1. Which pairs in the list D:LYS16/D:LYS206; C:LYS232/D:LYS16; A:LYS16/A:LYS206; A:LYS206/B:LYS232; B:LYS164/B:LYS232 are over 20 Å apart, alpha-carbon to alpha-carbon?
2. Over the stretch B:203-290, one equal point on each Cα, no solvent: what is log10 I(q)/I(0) by the Debye formula at q = 0.10, 0.24 Å⁻¹?
3. Which number do you get for Rg(Cα) / (2.2 N^0.38 Å) in the stretch C:197-345?
4. Where does chain B land at 222 nm, in deg cm²/dmol rounded to the nearest 500, when only DSSP H runs of n ≥ 4 count, each adding -39500 (n - 2.57), divided by all residues?
5. Just to confirm the numbers: C:THR221, label point 7 angstrom along the Cα-Cβ line, distances to the other copies in nm, shortest first?
6. For a quick check, take a GNM of chain D with Cα springs below 10 Å and name the residue from D:SER239, D:SER205, D:SER20 with the largest mean-square fluctuation.
7. Using a label point 7 Å beyond Cα on the Cα-Cβ vector, give me the inter-copy distances for B:THR286 in nanometres, one decimal, shortest first.
8. Kindly report, to the nearest 10 Å², the accessible surface of C:LEU168 as traced by a 1.4 Å probe over protein heavy atoms only.
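The values are calculated or read from the model by the stated rules, or taken from the named source; none is laboratory data. Quick caveat, the model's predicted, so the values are computed rather than measured. Neighbour counts are summed over all protein chains in view; Cβ atoms, including those assigned to glycine, are modelled from backbone coordinates with ideal geometry. Side chains are part of the model used for accessible areas, which takes the heavy atoms of the whole protein and leaves out ligands, DNA and RNA. Shrake-Rupley method; radii C 1.70, N 1.55, O 1.52, S 1.80 Å.
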There are 4 protein chains.
Amino acid sequence: MELNFRSDNEAPAAGKILDSLLEANRRTAWSYGEDQWSNRLDGAFSELFGTQTTVIPVSTGTAANSIALACVTPPWGSVFCHRGAHILTDECGAPEFFGNGLRMVGVDGENGKMVAAHLRESIRRSVGHGVHSYQPTTISMTQITEAGTVYEPAEIAALSAVAKEFQLTTHMDGARFANAVAALGCSPADSSWASGVDLLSFGASKNGCFGAEALLIFGETNLRERAERLRKRSGHLLSKMRYVSAQLLAYIEDGLWLELAGHANRQAAQFVEAVKAHPEARLESTAGANEIFVRWTPAGFAALEKAGIQFFLWPGYDDLARFVFSFQTTEEETVTLCEALRRSG
Amino acid sequence: MELNFRSDNEAPAAGKILDSLLEANRRTAWSYGEDQWSNRLDGAFSELFGTQTTVIPVSTGTAANSIALACVTPPWGSVFCHRGAHILTDECGAPEFFGNGLRMVGVDGENGKMVAAHLRESIRRSVGHGVHSYQPTTISMTQITEAGTVYEPAEIAALSAVAKEFQLTTHMDGARFANAVAALGCSPADSSWASGVDLLSFGASKNGCFGAEALLIFGETNLRERAERLRKRSGHLLSKMRYVSAQLLAYIEDGLWLELAGHANRQAAQFVEAVKAHPEARLESTAGANEIFVRWTPAGFAALEKAGIQFFLWPGYDDLARFVFSFQTTEEETVTLCEALRRSG
Amino acid sequence: MELNFRSDNEAPAAGKILDSLLEANRRTAWSYGEDQWSNRLDGAFSELFGTQTTVIPVSTGTAANSIALACVTPPWGSVFCHRGAHILTDECGAPEFFGNGLRMVGVDGENGKMVAAHLRESIRRSVGHGVHSYQPTTISMTQITEAGTVYEPAEIAALSAVAKEFQLTTHMDGARFANAVAALGCSPADSSWASGVDLLSFGASKNGCFGAEALLIFGETNLRERAERLRKRSGHLLSKMRYVSAQLLAYIEDGLWLELAGHANRQAAQFVEAVKAHPEARLESTAGANEIFVRWTPAGFAALEKAGIQFFLWPGYDDLARFVFSFQTTEEETVTLCEALRRSG
Amino acid sequence: MELNFRSDNEAPAAGKILDSLLEANRRTAWSYGEDQWSNRLDGAFSELFGTQTTVIPVSTGTAANSIALACVTPPWGSVFCHRGAHILTDECGAPEFFGNGLRMVGVDGENGKMVAAHLRESIRRSVGHGVHSYQPTTISMTQITEAGTVYEPAEIAALSAVAKEFQLTTHMDGARFANAVAALGCSPADSSWASGVDLLSFGASKNGCFGAEALLIFGETNLRERAERLRKRSGHLLSKMRYVSAQLLAYIEDGLWLELAGHANRQAAQFVEAVKAHPEARLESTAGANEIFVRWTPAGFAALEKAGIQFFLWPGYDDLARFVFSFQTTEEETVTLCEALRRSG
């Protein structure tokens, strides 16, 4: 029993993903993405999403996000995202690096979400001084958000509509896209292109892969060349790309990705109930998937730690912590956590 | 039997490397390089090289090379390398991208090697116009070279000495460093820092790993911060870095890397003999390790292809081809190739 | 009579500046800043500021600011400035371009000024997530501010002290430095290095020059090489640099710069009195120098325009306007403006 | 008498150019290129060149060249130019900086000129390795060349034709475009767009201006936005742009530019005759305009220097020197130089 609720990044890879690696490892294969696994990606994802989808496999979410943003944003363009967005606060300026000095603009919003009114106002304030100002170009939302909440398709559509109002492109950082879709019970399409998303960073590493992410470009597009150039120049065209592609194929085969995410979400839901029942601790935001933020006393958190529970005290806080559940969190671990919480009340 | 002599990039991963992945996959581990495998890298490589070594694990050689060059070269600095160097001709300007517009300067040389006199002349021609010219800053040699030849330690030392003469830093792109060390029978140190190399891109993907490379910085250094920043900003700090680090540890444990490379070299050596014995085909350069370039008639190569042999006709040529041998090339495959060559004579 | 109160950027050049151009134009001179005028800059500015000063002449404030910031800030470093700062809102990302993707961080503050508490809080929030976050590196304040207010030396010192607390460098965008010094009646030193400023963009174009600005680096420094490289690579090393340098020398000779700025300030002061005496119009901020922001009714402003007065309605507002006074605003023009305001009451 | 034959960059500004500055300095004018002089540029140059021309005024040739190249070349694109081209060897990587790491490729050629066969071969060698290689995108020729020779319209057309063969864009660095047109006696059109040039850096600073260059984009274009963004971000949108624009207008009015250049060329022609008549000294290349390269003995050059003649010994040589003639080189100075040469024979 591990009792590690620090991050789904700390989970190992799932069995079927490992199997896909073994399978891909049986013999030689062409390099630099010209192998049989990589060649199947466009087809497999097009089927999954129900629309023509161009797939650029990479090994990190930062790469997927940065290539996506740099693909559609000129150096003098700006990207609007929530002020707590990972691309804004946790990638050390990777979007700025890939995008040769593009600008990230943080937008306020409760529960980790942008809302249409704030977004529109923020874009509007940025327009109108010609060549002296950055040109609003792109919006990016994170699914699930950095606050652990989930954008409903209608919310995504509302933000995309604002983007289109100003001729902006819509990107989604789907680091935990699987958890969102599992939580929403909607189709992958509904949470993406059918709600106006143009490019999606489809995360897989956090939900059972070793290191595999896919940048998806929806619809007919002339962006493939740019995306592939950016990938090559940034060192993300792996010589043995087949191993990334094989993970991705296994990940979406037979709904494995939703099965893994659903399990994680269910563990989280049990914990949510335990927090709600607790006399002192409380949820920081409307928890929707596998990432739960809890407000509590420093003493309370200390007691949990003493009980052997690992979690993540939020930087700069002693009364706010994050608990993340993964595909491999066991029922027993979840129960132990809930018990420890109850006892530390 | 595969008969694929196209590239060692097309070989799968070795059994012991796969085992290391399985081992690292047993439970949770801290993310972003703070795991127990990553933490052991500095120690393990310092021991292997016999000097203090800072290790920056990444998943591609392009990343290792580009981070290395950008670490020591300002945007207005130039990097001198052989005119056929991979970093110059095959990375789509990744060094320029990471280095914000640094300049690569190609130096002539037989057999894929720079020689001291040409290098010195090339540096000298670049100096002396102050702020109007790029500032010569770095040299980079590839081991084994793009022509399949191997730099002797004395040759490395001679080039490094030229670099030091002008206060330049010395980098080695060691994509096939293992094959070189196995061929030379020298110590890893002799082929690197002890001959004046300051930074080494230590390749592993081509010789049995899934995707693992290590940027090594020798001696006491203040470059770690820069290297780690560049890695993060370029999206190469994997959340599950343990899987890269575990491969690297297994790769250098008990001499596995030299064992795998030695096997590949021995297969290549048999082929070299077959080429030498052939009435028409001839070696393009002094083959030293696992990569053999052969000049022959288009008809000859066509006959080989017809015999089911896969190899790489060099872009722009119909009478020059590359044959690469890997850790998994079997004796039987090598014999079959040599036979096919003999018969096509 | 021109009645143009739109911007001091719209004023012509002053007579003595023109004379300096004529003087410099008499014969040949070495190019690229190796002329006798450029060679005198370090000495002249060192004397003016009472400390060793390195001078990098350029022709725009954007160049001076961007070279300054890129000189001291790595691509993964951040620059803290007021949220309304010109470098943040009006240079289309020039600092990001010169700085290869550094980040600008806007800090709140009344009257266009940062205050120590907000600045400290803003820096603190940015620290502490290691390689994942930008590294706070630099602060920049604008003198006079974008709200037309003037930083007192004590205020500058307080902000610089916060910078030093976190080992940050202090830059001042002195586009209207002359107006500030004239208004404060202090020494140039007191408004800069003696209050902790490390680099100053010393503006001259707005106050009587054709196009001349100087990046000043105070004290012993190893930044000259970086600054000169950045200037060359960005195309700001003029072949006929003498004409910029000659302007700068004339500008600071015999206090011309303060004389011109003082005149502009005095005209502005008359207008301030007129606004204060007005029943409806009011000052938007504590006007301190030559740039006055006025809140009034759209009808009021329309009446002024009808009276032939040119001023700048602030983008996005119909009840806020800027009036700028320059060295060449005549008494008569000022009186006419004040009269027109009074009549439009 | 100055006897300065070092560079036309060292000449002062011409009288009529100075007059244009005085004229533009009479009153206020809108800033940032929205003044009446800047507004007339498109029209004036369209008339001069006989085709629709978009004008981007800047103050240095490096800015004009770099904006031009970055406008049409992606970061993964390459620019082919003569191996001695100023943009390759003397701008410290400004094109790479503006172009975010684009690559300059030097092409061999006698007399400072590229020829079609070499250019085609050089482009061909760069094509064909997909995303791993830079994408050939642009060619650039310098008029007059760095060897002082002049491209004939037919030669320009031949190079442009090669460019079009590969879908590349053609740029001309016309730092001394005036001297070329004066020498050729052709129309400005013939030496540019009518021979296939898409973008021209139209130089003026070396031929009588204080600091004024114009990037010209010929024909209908969607590049204006990109060019203006690059100009702003690089700090080249002068607040008082009228002074640059006024110079440019005066420069091309009534053929002043050709008159000034013609004078310089004629002085140079006298010197060419003197060199031809000299027993030892000889022309390094077919001198065509105002820049003459001479091979001679070190002792010979020393004698000239002793005679008070200023010229430019080529970096790295003691037997090669450059003599440049400008609009203000007097007959008397030329005669004195020729005499000194004769006497030093």
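1. Values: D:LYS16/D:LYS206 15 Å; C:LYS232/D:LYS16 29 Å; A:LYS16/A:LYS206 15 Å; A:LYS206/B:LYS232 18 Å; B:LYS164/B:LYS232 30 Å.
Result: C:LYS232/D:LYS16; B:LYS164/B:LYS232 exceed 20 Å.
2. -0.44, -1.17
3. The value comes to 1.32.
4. Mean residue ellipticity, 222 nm, calculated: -12500 deg cm²/dmol.
5. Distances between equivalent label points, in nm: 3.1, 3.6, 4.5.
6. In the Gaussian network model the winner is D:SER239.
7. 4.5, 7.3, 7.9
8. Per-residue accessible area (C:LEU168): approximately 10 Å².
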